[in-house]
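Participant: Have a look at the structure that comes next, please.
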Amino acid sequence: MNWLQLAQEVIDGKVITNEDARSILNCDDDDLLPLINGAYHIRKHYYGKKVKLNMIINAKSGYCPEDCGYCSQSSKSTAEIEKYPFLSKEEILEGAKRAFENKVGTYCIVASGRGPTRKDVGVVSEAVEEIKEKYGLKVCACLGLLKEEQAAQLKEAGVDRYNHNLNTSEKHHSYITTSHTYEDRVNTVEIVKKHGISPCSGAIIGMKETKEDVIEIARALHQLDADSIPVNFLHAIEGTKLEGVHDLNPRYCLKVLALFRYINPTKEIRISGGREVNLGSLQPLGLYIANSIFLGNYLTTEGQEENQDHKMLEDLGFEIELMPKQEEVFSCH
Ligand code: SF4
(Lines give C-alpha, C1' and ligand atoms only; values in the text may rest on other atoms or scores of the structure.)
Protein backbone atom coordinates (compact mmCIF):
# COMPACT_ATOMS: atom_id res chain seq x y z
CA MET A 1 0.00 0.00 0.00
CA ASN A 2 1.25 3.47 -0.84
CA TRP A 3 0.31 5.19 2.43
CA LEU A 4 1.39 8.64 1.36
CA GLN A 5 -0.80 8.44 -1.70
CA LEU A 6 -3.75 7.27 0.40
CA ALA A 7 -3.09 10.14 2.81
CA GLN A 8 -3.15 12.65 -0.03
CA GLU A 9 -6.42 11.16 -1.29
CA VAL A 10 -7.86 11.54 2.22
CA ILE A 11 -6.83 15.21 2.26
CA ASP A 12 -8.50 15.54 -1.15
CA GLY A 13 -11.74 14.22 0.36
CA LYS A 14 -11.61 10.45 0.01
CA VAL A 15 -13.34 8.36 2.66
CA ILE A 16 -11.18 5.27 3.06
CA THR A 17 -12.77 1.89 2.33
CA ASN A 18 -13.12 -0.90 4.88
CA GLU A 19 -10.42 -2.71 2.96
CA ASP A 20 -8.05 0.25 3.43
CA ALA A 21 -9.02 0.35 7.12
CA ARG A 22 -8.22 -3.34 7.57
CA SER A 23 -4.90 -2.84 5.76
CA ILE A 24 -4.01 -0.14 8.29
CA LEU A 25 -4.75 -2.30 11.32
CA ASN A 26 -3.06 -5.33 9.75
CA CYS A 27 -0.12 -3.33 8.45
CA ASP A 28 3.12 -5.29 8.69
CA ASP A 29 5.46 -3.94 11.37
CA ASP A 30 8.05 -3.44 8.60
CA ASP A 31 5.64 -1.01 6.97
CA LEU A 32 4.83 0.91 10.15
CA LEU A 33 7.02 3.95 9.50
CA PRO A 34 5.57 4.59 6.01
CA LEU A 35 2.08 4.24 7.55
CA ILE A 36 2.96 6.80 10.22
CA ASN A 37 4.48 9.03 7.57
CA GLY A 38 1.16 9.00 5.70
CA ALA A 39 -0.76 9.82 8.88
CA TYR A 40 1.74 12.61 9.60
CA HIS A 41 1.12 14.01 6.11
CA ILE A 42 -2.56 14.41 7.08
CA ARG A 43 -1.81 15.70 10.60
CA LYS A 44 0.66 18.25 9.23
CA HIS A 45 -1.81 19.43 6.61
CA TYR A 46 -4.41 20.32 9.24
CA TYR A 47 -2.38 21.03 12.38
CA GLY A 48 1.23 21.64 11.34
CA LYS A 49 3.51 20.91 14.27
CA LYS A 50 1.05 22.19 16.87
CA VAL A 51 0.14 20.08 19.90
CA LYS A 52 -2.84 20.71 22.13
CA LEU A 53 -2.42 19.96 25.81
CA ASN A 54 -5.29 18.93 28.07
CA MET A 55 -5.36 18.37 31.79
CA ILE A 56 -7.91 16.46 33.84
CA ILE A 57 -9.24 17.17 37.28
CA ASN A 58 -11.23 14.34 38.77
CA ALA A 59 -13.91 16.47 40.39
CA LYS A 60 -15.74 13.54 41.95
CA SER A 61 -14.22 10.12 42.42
CA GLY A 62 -15.83 6.72 42.88
CA TYR A 63 -19.31 5.86 44.16
CA CYS A 64 -20.67 5.34 40.65
CA PRO A 65 -23.70 3.05 40.30
CA GLU A 66 -22.87 2.24 36.66
CA ASP A 67 -21.06 -0.95 35.71
CA CYS A 68 -18.52 0.06 33.05
CA GLY A 69 -16.12 -2.89 32.97
CA TYR A 70 -12.95 -0.81 32.54
CA CYS A 71 -13.66 1.65 35.33
CA SER A 72 -12.24 1.61 38.83
CA GLN A 73 -14.86 4.13 39.96
CA SER A 74 -17.79 1.80 39.39
CA SER A 75 -19.37 0.48 42.58
CA LYS A 76 -18.98 -2.97 40.98
CA SER A 77 -15.21 -2.56 41.05
CA THR A 78 -13.15 -3.59 44.06
CA ALA A 79 -10.17 -1.46 43.00
CA GLU A 80 -8.62 0.51 45.79
CA ILE A 81 -9.02 4.11 44.72
CA GLU A 82 -9.41 7.38 46.50
CA LYS A 83 -13.13 8.22 46.70
CA TYR A 84 -14.52 11.66 47.39
CA PRO A 85 -17.63 13.74 46.71
CA PHE A 86 -17.77 16.71 44.33
CA LEU A 87 -14.88 19.12 44.85
CA SER A 88 -15.51 22.73 45.77
CA LYS A 89 -15.28 25.54 43.26
CA GLU A 90 -12.01 26.64 44.89
CA GLU A 91 -10.42 23.22 44.42
CA ILE A 92 -11.47 23.17 40.76
CA LEU A 93 -9.95 26.63 40.33
CA GLU A 94 -6.67 25.51 41.86
CA GLY A 95 -6.46 22.79 39.20
CA ALA A 96 -7.09 25.40 36.50
CA LYS A 97 -4.18 27.46 37.81
CA ARG A 98 -1.92 24.42 37.54
CA ALA A 99 -3.16 23.78 33.99
CA PHE A 100 -2.47 27.40 33.03
CA GLU A 101 1.06 27.23 34.43
CA ASN A 102 1.75 24.00 32.54
CA LYS A 103 0.77 25.59 29.21
CA VAL A 104 -2.34 23.44 29.04
CA GLY A 105 -4.96 24.96 26.73
CA THR A 106 -7.95 22.83 27.72
CA TYR A 107 -8.90 22.05 31.29
CA CYS A 108 -11.16 19.00 31.65
CA ILE A 109 -13.51 18.83 34.62
CA VAL A 110 -14.48 15.19 34.97
CA ALA A 111 -16.84 13.62 37.50
CA SER A 112 -17.85 10.04 38.16
CA GLY A 113 -21.50 9.02 38.07
CA ARG A 114 -24.30 8.29 35.65
CA GLY A 115 -24.97 11.98 35.25
CA PRO A 116 -24.61 15.22 37.20
CA THR A 117 -27.02 16.55 39.83
CA ARG A 118 -28.36 20.09 39.74
CA LYS A 119 -25.81 21.02 42.40
CA ASP A 120 -22.91 19.51 40.41
CA VAL A 121 -23.86 21.51 37.33
CA GLY A 122 -24.13 24.61 39.53
CA VAL A 123 -20.61 24.17 40.96
CA VAL A 124 -19.12 23.50 37.53
CA SER A 125 -20.92 26.51 36.04
CA GLU A 126 -19.64 28.87 38.72
CA ALA A 127 -16.12 27.49 38.45
CA VAL A 128 -16.11 27.80 34.66
CA GLU A 129 -17.13 31.45 34.77
CA GLU A 130 -14.16 32.21 37.01
CA ILE A 131 -11.73 30.05 35.06
CA LYS A 132 -12.62 31.93 31.90
CA GLU A 133 -12.12 35.27 33.53
CA LYS A 134 -8.89 34.47 35.40
CA TYR A 135 -7.09 32.10 33.07
CA GLY A 136 -8.89 32.18 29.72
CA LEU A 137 -8.58 28.43 29.33
CA LYS A 138 -10.88 26.29 27.24
CA VAL A 139 -13.00 24.13 29.49
CA CYS A 140 -14.26 20.65 28.73
CA ALA A 141 -16.80 19.09 31.08
CA CYS A 142 -17.28 15.36 31.39
CA LEU A 143 -20.09 14.66 33.80
CA GLY A 144 -21.89 11.66 32.33
CA LEU A 145 -25.27 11.47 30.64
CA LEU A 146 -26.65 14.95 30.18
CA LYS A 147 -30.14 16.45 30.05
CA GLU A 148 -31.15 19.28 27.73
CA GLU A 149 -31.46 21.88 30.49
CA GLN A 150 -28.10 20.91 31.97
CA ALA A 151 -26.43 21.31 28.57
CA ALA A 152 -28.04 24.73 28.23
CA GLN A 153 -26.76 25.78 31.68
CA LEU A 154 -23.22 24.61 30.95
CA LYS A 155 -23.20 26.42 27.61
CA GLU A 156 -24.41 29.58 29.29
CA ALA A 157 -21.60 29.32 31.87
CA GLY A 158 -19.03 29.17 29.07
CA VAL A 159 -18.24 25.45 28.78
CA ASP A 160 -16.54 25.05 25.41
CA ARG A 161 -16.57 21.32 25.08
CA TYR A 162 -18.31 18.28 26.55
CA ASN A 163 -16.79 14.82 26.58
CA HIS A 164 -18.83 11.70 26.41
CA ASN A 165 -17.07 8.73 24.86
CA LEU A 166 -18.72 6.07 22.74
CA ASN A 167 -15.95 3.87 24.15
CA THR A 168 -16.56 0.92 21.88
CA SER A 169 -18.69 -0.29 18.98
CA GLU A 170 -22.44 -0.61 19.26
CA LYS A 171 -22.12 -4.39 19.00
CA HIS A 172 -19.53 -4.67 21.72
CA HIS A 173 -21.10 -2.15 24.10
CA SER A 174 -23.16 -4.56 26.21
CA TYR A 175 -20.02 -6.61 26.93
CA ILE A 176 -18.55 -3.52 28.60
CA THR A 177 -21.61 -1.91 30.20
CA THR A 178 -25.17 -3.00 30.89
CA SER A 179 -26.39 -0.13 33.07
CA HIS A 180 -26.77 2.23 30.13
CA THR A 181 -26.91 1.75 26.38
CA TYR A 182 -24.86 2.80 23.40
CA GLU A 183 -27.85 4.93 22.34
CA ASP A 184 -27.76 6.74 25.70
CA ARG A 185 -24.19 7.72 24.92
CA VAL A 186 -24.93 8.86 21.37
CA ASN A 187 -27.91 10.79 22.68
CA THR A 188 -25.80 12.80 25.12
CA VAL A 189 -23.37 13.75 22.35
CA GLU A 190 -26.32 14.87 20.21
CA ILE A 191 -27.74 16.98 23.07
CA VAL A 192 -24.36 18.64 23.54
CA LYS A 193 -24.16 19.48 19.84
CA LYS A 194 -27.69 20.81 19.82
CA HIS A 195 -26.74 23.30 22.53
CA GLY A 196 -23.72 24.58 20.64
CA ILE A 197 -21.07 22.89 22.79
CA SER A 198 -18.21 21.29 20.91
CA PRO A 199 -18.55 17.50 21.08
CA CYS A 200 -15.65 15.40 22.31
CA SER A 201 -16.12 11.67 22.04
CA GLY A 202 -13.68 8.83 21.80
CA ALA A 203 -12.83 5.22 22.34
CA ILE A 204 -11.10 2.79 24.62
CA ILE A 205 -9.09 0.23 22.71
CA GLY A 206 -8.02 -3.12 24.14
CA MET A 207 -11.31 -4.22 25.71
CA LYS A 208 -11.55 -7.53 23.84
CA GLU A 209 -13.09 -5.88 20.80
CA THR A 210 -12.27 -7.13 17.29
CA LYS A 211 -10.48 -5.10 14.63
CA GLU A 212 -13.85 -4.74 12.88
CA ASP A 213 -15.17 -3.12 16.08
CA VAL A 214 -12.25 -0.69 16.05
CA ILE A 215 -13.05 0.30 12.46
CA GLU A 216 -16.71 0.71 13.42
CA ILE A 217 -15.89 3.01 16.36
CA ALA A 218 -13.65 5.20 14.22
CA ARG A 219 -16.45 5.48 11.65
CA ALA A 220 -19.16 6.10 14.27
CA LEU A 221 -17.14 9.02 15.64
CA HIS A 222 -16.75 10.36 12.12
CA GLN A 223 -20.50 10.17 11.67
CA LEU A 224 -21.13 11.86 15.01
CA ASP A 225 -18.80 14.62 13.83
CA ALA A 226 -16.94 14.72 17.14
CA ASP A 227 -14.53 17.67 17.08
CA SER A 228 -12.18 16.01 19.47
CA ILE A 229 -11.48 12.30 19.67
CA PRO A 230 -9.67 10.87 22.69
CA VAL A 231 -8.20 7.47 21.94
CA ASN A 232 -7.64 5.58 25.18
CA PHE A 233 -5.71 2.34 25.42
CA LEU A 234 -6.91 0.09 28.20
CA HIS A 235 -4.83 0.24 31.33
CA ALA A 236 -6.49 -2.68 33.06
CA ILE A 237 -6.92 -1.97 36.73
CA GLU A 238 -7.00 -4.72 39.32
CA GLY A 239 -10.47 -5.08 40.76
CA THR A 240 -12.28 -4.10 37.55
CA LYS A 241 -14.07 -6.55 35.30
CA LEU A 242 -11.30 -6.19 32.72
CA GLU A 243 -8.43 -6.82 35.13
CA GLY A 244 -5.69 -8.90 33.59
CA VAL A 245 -6.56 -7.93 30.00
CA HIS A 246 -3.35 -6.84 28.27
CA ASP A 247 -3.93 -7.41 24.57
CA LEU A 248 -2.15 -4.37 23.18
CA ASN A 249 1.37 -3.69 22.02
CA PRO A 250 2.86 -0.29 21.09
CA ARG A 251 2.97 -0.99 17.35
CA TYR A 252 -0.69 -1.96 17.23
CA CYS A 253 -1.59 1.19 19.22
CA LEU A 254 0.17 3.28 16.55
CA LYS A 255 -1.81 1.50 13.83
CA VAL A 256 -5.04 2.25 15.70
CA LEU A 257 -4.09 5.93 15.97
CA ALA A 258 -3.29 5.97 12.25
CA LEU A 259 -6.69 4.44 11.49
CA PHE A 260 -8.42 7.17 13.49
CA ARG A 261 -6.40 9.83 11.63
CA TYR A 262 -7.18 8.40 8.17
CA ILE A 263 -10.90 8.18 9.04
CA ASN A 264 -11.09 11.48 10.95
CA PRO A 265 -8.46 13.56 9.14
CA THR A 266 -9.48 17.03 10.32
CA LYS A 267 -10.23 16.23 13.97
CA GLU A 268 -8.29 16.73 17.17
CA ILE A 269 -7.06 13.23 17.93
CA ARG A 270 -5.79 12.85 21.47
CA ILE A 271 -3.65 10.02 22.77
CA SER A 272 -5.40 9.56 26.08
CA GLY A 273 -5.51 7.17 29.03
CA GLY A 274 -3.03 4.31 28.94
CA ARG A 275 -0.57 6.22 26.74
CA GLU A 276 2.45 5.62 28.93
CA VAL A 277 1.61 2.00 29.73
CA ASN A 278 0.68 0.90 26.21
CA LEU A 279 2.83 2.99 23.87
CA GLY A 280 5.85 2.88 26.17
CA SER A 281 9.00 4.11 24.50
CA LEU A 282 7.13 4.63 21.21
CA GLN A 283 5.02 7.49 22.63
CA PRO A 284 6.77 10.18 20.54
CA LEU A 285 5.82 8.37 17.33
CA GLY A 286 2.17 8.72 18.35
CA LEU A 287 2.48 12.47 18.09
CA TYR A 288 3.25 12.27 14.39
CA ILE A 289 -0.33 10.98 14.10
CA ALA A 290 -2.27 12.54 16.97
CA ASN A 291 -2.12 16.28 17.70
CA SER A 292 -3.22 16.28 21.31
CA ILE A 293 -2.31 14.64 24.62
CA PHE A 294 -3.22 14.80 28.29
CA LEU A 295 -0.61 16.20 30.59
CA GLY A 296 -0.42 14.91 34.15
CA ASN A 297 -2.54 12.24 35.74
CA TYR A 298 -5.63 10.47 34.49
CA LEU A 299 -8.71 9.78 36.60
CA THR A 300 -7.40 7.09 38.88
CA THR A 301 -4.04 6.27 37.30
CA GLU A 302 -0.86 8.30 37.11
CA GLY A 303 0.57 9.75 33.92
CA GLN A 304 4.21 10.63 33.49
CA GLU A 305 5.67 13.80 34.97
CA GLU A 306 4.61 16.99 33.21
CA ASN A 307 8.21 18.00 32.52
CA GLN A 308 8.85 14.69 30.74
CA ASP A 309 5.99 15.44 28.35
CA HIS A 310 7.25 18.98 27.80
CA LYS A 311 10.70 17.57 27.07
CA MET A 312 9.25 15.01 24.63
CA LEU A 313 7.48 17.78 22.70
CA GLU A 314 10.62 19.91 22.67
CA ASP A 315 12.69 16.97 21.40
CA LEU A 316 10.13 16.39 18.65
CA GLY A 317 10.34 20.06 17.66
CA PHE A 318 6.59 20.44 18.14
CA GLU A 319 4.92 23.58 19.37
CA ILE A 320 2.40 23.78 22.21
CA GLU A 321 -0.78 25.60 21.29
CA LEU A 322 -1.28 28.32 23.91
CA MET A 323 -4.40 30.27 24.79
CA PRO A 324 -4.14 34.07 24.39
CA LYS A 325 -3.64 34.73 28.14
CA GLN A 326 -0.85 32.12 28.17
CA GLU A 327 0.75 33.74 25.11
CA GLU A 328 1.05 36.95 27.13
CA VAL A 329 2.90 35.13 29.93
CA PHE A 330 4.97 32.54 28.08
CA SER A 331 5.73 33.92 24.64
CA CYS A 332 8.15 36.63 25.80
CA HIS A 333 10.47 34.10 27.45
S1 SF4 B 1 -17.00 5.27 33.38
FE2 SF4 B 1 -18.24 6.85 34.37
S3 SF4 B 1 -20.31 6.01 34.30
FE4 SF4 B 1 -18.94 4.28 33.93
S5 SF4 B 1 -18.59 3.39 35.98
FE6 SF4 B 1 -16.93 4.86 35.57
S7 SF4 B 1 -17.60 6.77 36.52
FE8 SF4 B 1 -19.39 5.44 36.29
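The values are calculated or read from the model by the stated rules, or taken from the named source; none is laboratory data. Just so you know, these numbers come straight off a predicted model, no measurement behind them. When we count neighbours, we look across all protein chains shown, and the Cβ atoms used for this are built from the backbone with ideal geometry, even at glycine. Just the protein is used for accessible areas: all its heavy atoms, side chains included, with ligands, DNA and RNA removed. Shrake-Rupley method; radii C 1.70, N 1.55, O 1.52, S 1.80 Å.
Participant: Please give the peptides 315-324, 203-212 ranked by average Cβ packing (other Cβ atoms within 10 Å per residue), highest first, as a rough proxy for protection.
Facilitator: 203-212, 315-324
Participant: Still on this model: May I ask you to compute the full-extension gain from Asn307 to His246, defined as 0.36 nm times their residue separation minus their alpha-carbon distance, rounded to one decimal in nm? Don't jump to the answer; show the numbers that get you there.
Facilitator: On the way: separation 61, 0.36 × 61 = 21.96 nm, distance 2.77 nm.
Fully extending the segment from Asn307 to His246 adds 19.2 nm.
Participant: While we're looking at this one, here's another question. Lys/Arg Cβ at +1, Asp/Glu Cβ at -1, dipole of region 273-333 taken about the Cα centre: which of Phe330, Asn307, Ser292 is farthest positive-ward?
Facilitator: With unit charges placed on the Cβ atoms, the residue in question is Ser292.
Participant: Still on this model: Around Glu91, under 14 Å between beta carbons, what's the net of Lys plus Arg minus Asp minus Glu among the other residues?
Facilitator: For residues surrounding Glu91, the net value is -2.
Participant: What FRET efficiency comes out for Glu319 versus Glu238 if R0 is 35 angstrom and r is the Cβ-Cβ distance? Round to the nearest 0.05.
Facilitator: Numbers: r = 39 Å, r/R0 = 1.10.
The value I calculate is 0.35.
Participant: Please identify which residues in region 226-270 have an amide N closer than 18 Å to a label point set 7 Å out from the Cα of Glu170, following the Cα→Cβ vector.
Facilitator: The answer is 226.
Participant: Same structure again: Quick one: pull the percent of accessible area on the chain belonging to carbon and sulfur, 1.4 Å probe, ligands and nucleic acids left out.
Facilitator: Reported share for carbon and sulfur atoms: 48 percent.
Participant: Sticking with this structure for a sec: Report the one residue of Gly48, Tyr162, Ile237 whose Cα lies farthest in the direction of the positive end of the charge dipole of the chain (charges on C-beta: Lys and Arg +1, Asp and Glu -1; origin at the Cα centre).
Facilitator: It is Tyr162, whose Cα lies furthest towards the positive end.
Participant: Please give, to one decimal in nm, the separation of the simple spin-label points placed at Asp31 and Val15, each 7 Å out from Cα toward the Cβ.
Facilitator: In this crude label model, Asp31 to Val15 measures out at 2.4 nm.
Participant: Going highest first, how would you order 156-166, 75-85 by mean Cβ packing within 10 Å?
Facilitator: 156-166, 75-85
Participant: Could you give the semi-axes, largest first, of the ellipsoid that matches region 1-133, computed as the square roots of 5 times the alpha carbon gyration tensor eigenvalues and rounded to whole Å?
Facilitator: For region 1-133, the ellipsoid semi-axes come out as 40, 22, 13 Å.
Participant: Consider a paramagnetic label point 7 Å from the Cα of Asn187 along Cα→Cβ; state which residues of region 93-127 have an amide N under 15 Å from it.
Facilitator: 114-116
Participant: Right, here's the next one. Quick check for you: with a 1.4 Å probe and neighbouring chains kept, what is the accessible area per residue of region 1-115, in Å²?
Facilitator: Per-residue accessible area for region 1-115 comes out at 47 Å².
Participant: Give me the accessible area per residue for region 171-233, probe 1.4 Å, as a whole number in Å².
Facilitator: Numbers: 2340 Å² over 63 residues.
Per-residue value: 37 Å².
Participant: Further question on the same structure: Ratio to report: Rg/Rh of the chain, with Cα atoms as the point set and Rh obtained by the Kirkwood method; give two decimals.
Facilitator: On the way: Rg = 18.9 Å, Rh = 20.0 Å.
Ratio of gyration radius to Kirkwood radius: 0.94.
Participant: Normalised by the empirical 2.2 N^0.38 Å for globular proteins, what value does the Cα Rg of region 250-333 take? Walk me through the intermediate numbers first.
Facilitator: Working: Rg = 13.7 Å, N = 84, 2.2 N^0.38 = 11.8 Å.
The reported ratio for this selection is 1.16.
Participant: Net charge near Ile215, counting Lys/Arg +1 and Asp/Glu -1 over other residues with Cβ under 11 Å of its Cβ?
Facilitator: Overall, the nearby charge balance is -3.
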